[in-house]
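Below is one structure, written out as structure tokens; comments come after it.
The values are calculated or read from the model by the stated rules, or taken from the named source; none is laboratory data. What you are looking at is a predicted structure, and each value in this text was computed from that prediction instead of being measured. With ideal geometry, Cβ positions are generated from the backbone for all residues, glycine too; neighbour counts draw on all protein chains shown. To get the accessible areas, we keep the full protein, side chains included, count just its heavy atoms, and leave off ligands, DNA and RNA. Shrake-Rupley method; radii C 1.70, N 1.55, O 1.52, S 1.80 Å.
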Amino acid sequence: MIDIGNKNQWKELLLTKDEKILEELYASAREIQKEHYGNKIFARGLIEFTNYCKNDCYYCGIRRSNREACRYRLTKEQIMSCCDSGYELGFRTFVLQGGEDGFYTDERLVDIVKTIKTAYPECAVTLSVGEKSRESYQKYYDAGADRFLLRHETANPDHYRILHPEEMSCENRKRCLWDLKEIGYQVGAGIMVGSPGQTVDHILEDLEFMKELEPDMVGIGPFLPHHATPFANESAGTVDMTVRILAITRHLLPKVLLPATTALGTLDPVGREKGVLAGANVVMPNLSPENVRENYLLYDNKLCTGSEAAEGLKILRNTMEKIGYEISLDRGDRAGREVRTWH
Ligand code: SAH
């Protein structure tokens, strides 16, 4: 079993050129994953419901200053129809992700969450709608939202400043995560790997922050440049570094729900498989209507624009079977976690 006790060892694992050590790291990450989740990989139905955003993050293709972006938002009826077809396919988790779009007031979001939970009380609803006040988070929770994804992006305030304009802060992002956790959500933090200005020491700080926060989910994907952002000419993160961090995270948070991200699959045609073989256990296929998918472009060449939800699921099942895993469409809550019943 690989020794992963302290920061120095994390650093060695991030830097080592010894393939044997890395193989051992991945094998033991898989073992930990199997212990808690068997050979199941949970699939979540992702609904990208708006690409309007009031923020101006330097890395993100849907930042407000990107005039090229073709903006869209889905109506409640359109969102419900995504859920309906997802439910038919067997999905029991719906992830609503979007830019920070003022059109979706607390009232509208609450209404959307309630409508989904009324139609499908046995399904989990995950929100990923950015930074809000604690009161707003509480309202969505009371409406039935179960989980919340909010990557912290970087735990280091100086690095945070390189990635975001003045009006955003690392401190507020972390405050949001602590609020979400206290309210009772299953919480997801996470980072982009290889984002501009990121150092190995920053990654160590991220790992330390996540160890302290103990999130239920961690989203880790490579940074990929988008041509219409200030980071257009920056280089992308690597598959190698991403899978190392996935495997270390699996060791630090053994029961964590850890997606093999779309960004990883975009960077490498077998990226998601590599992620799973390094301890990831979640995939998030797209349930958004096909005609809007090509507009939710956080980065260039995003994977999967085009293939229909049912088709996408079939492909995923096959890919995972080939490496000895099985797609599960169950709610897939974090192992050992108490879950509210909803009626
Ligand atoms: N507005 C929501 C959703 C953001 S998009 C929020 O603030 O949480 C979801 C994630 O995509 C972001 O947290 C970021 O980590 C990732 N992302 C954005 N631009 C990216 C890029 N260029 N490359 C890779 N990942 C990116």
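For the reader, a short list of remarks on this structure follows.
- Verdict on V256 being β-branched (V, I, T), touching a residue at least 12 places away in the same chain (Cβ under 8 Å) and open to solvent by less than 10 Å² (accessible area, probe 1.4 Å): yes
- Considering L89, L22, L15, L46, the condition of being within 26 Å of R173 (Cβ to Cβ) and in contact (Cβ under 8 Å) with a residue 24 or more places away in the chain is satisfied by L46 alone.
- Residue tally, condition within 10 Å of the ligand (Cβ to nearest atom), open to solvent by less than 10 Å² (accessible area, probe 1.4 Å) and in contact (Cβ under 8 Å) with a residue 60 or more places away in the chain, over the range 184-195: 2
- Qualifying residue in the range 128-145 (condition: open to solvent by less than 30 Å² (accessible area, probe 1.4 Å), more than 20 Å from M210 (Cβ to Cβ) and within 13 Å of the ligand (Cβ to nearest atom)): yes
- Qualifying residue in the range 280-296 (condition: farther than 30 Å from A228 by Cα, at pLDDT 95 or above, small (G, A, S) and surrounded by 15 or more Cβ atoms within 10 Å (Cβ to Cβ)): yes
- Residue match in the range 165-182 (condition: of a type in the set (A, V, I, L, M, F, W, C), within 13 Å of the ligand (Cβ to nearest atom) and closer than 14 Å to T126 by Cβ): yes
- Any chance L224 is touching a Gly at 6+ places or on another chain (Cβ under 6 Å) and surrounded by 22 or more Cβ atoms within 10 Å (Cβ to Cβ): no
- The residues in the range 207-239 that are of a type in the set (G, A, S) and near the ligand (Cβ under 9 Å from one of its atoms) can be counted, and the count is 4.
- Of residues in the range 146-164 being open to solvent by 40 Å² or more (accessible area, probe 1.4 Å) and of a type in the set (K, R), the one nearest to the chain's Cα centre (by Cα): R151
- Against the list (1) surrounded by 14 or more Cβ atoms within 10 Å (Cβ to Cβ); (2) away from the ligand (no atom under 15 Å from the Cβ); (3) modelled with pLDDT under 90, the condition L303 fails is (2).
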